[in-house]
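Here's the structure we're looking at; comments come further down.
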Amino acid sequence: MTGPVYALNLFNIADRDEYLAYSRRSAKEVQAHGGRVVALGKFREAAAGGIKPRAVLILVEWASKEAFDGYCSDPKIADLHPHREKGASDYVWHLFDKLEDLRPILK
């Protein structure tokens, strides 16, 4: 599949200083690599489902899977990702293809 990919990030803050070091640079780098933060959120309540709640939600729209992969593997920002890894815990990072409707899933 081609086109936009959405990265759902759910996590808790494990080390405030480490995550701040990540967030100070990540917005600029995400944008430079073809990403756009669509939503930021703070956990409110569990309405349904059995997953362990995470405190933070970030939803990023990437121009493509290749753009996401480029962000993850760019050697120029290799020093950035360890700040995210050390600063967050219970990380869920799922990628979703953009759909115009649910027909491809309901076939």
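Coordinate-derived values only; no laboratory data. These numbers were taken from a predicted model, which means no experiment stands behind them. Positions of Cβ are backbone-derived with ideal geometry, glycine not excepted, and every protein chain shown enters the neighbour counts.
What is the extension gain from Arg25 to Lys107, computed as 0.36 nm multiplied by their sequence separation minus the C-alpha to C-alpha distance, in nm to one decimal? Walk me through the numbers before you get to the answer.
Numbers: separation 82, 0.36 × 82 = 29.52 nm, distance 4.17 nm.
Full extension from Arg25 to Lys107 adds 25.4 nm.
Listed by chain and number, the aspartates and glutamates placed with their C-alpha closer than 13 angstrom to that of Lys86 are Asp15, Asp17, Glu18; residues fewer than eight positions away on the same chain are left out. Would you compute the Debye intensity of the range 5-99 from its alpha-carbon atoms alone, equal scatterers and no solvent, and pass along log10 I(q)/I(0) at q = 0.22, 0.26 Å⁻¹ to two decimals? Log10 of I(q)/I(0), two decimals: -1.23, -1.51. Considering only alpha-carbon pairs that sit under 8 angstrom and 6 or more positions apart, the relative contact order computed for the range 5-99 is 54 percent. When the Cα convex hull of the range 45-107 is projected onto planes of every orientation, the mean area is 6.5 nm².
Put simply, when 59-70, 90-101, 44-55, 19-30 are sorted by average Cβ atoms within 10 angstrom per residue, most first, you get 59-70, 19-30, 90-101, 44-55. Spatially, the range 81-107 and the range 45-67 are offset by 6 Å when compared through their Cα centroids. Counted residue by residue at 0.36 nm each, then reduced by the alpha carbon distance between them, the extension gain from Glu100 to Glu45 reaches 17.0 nm.
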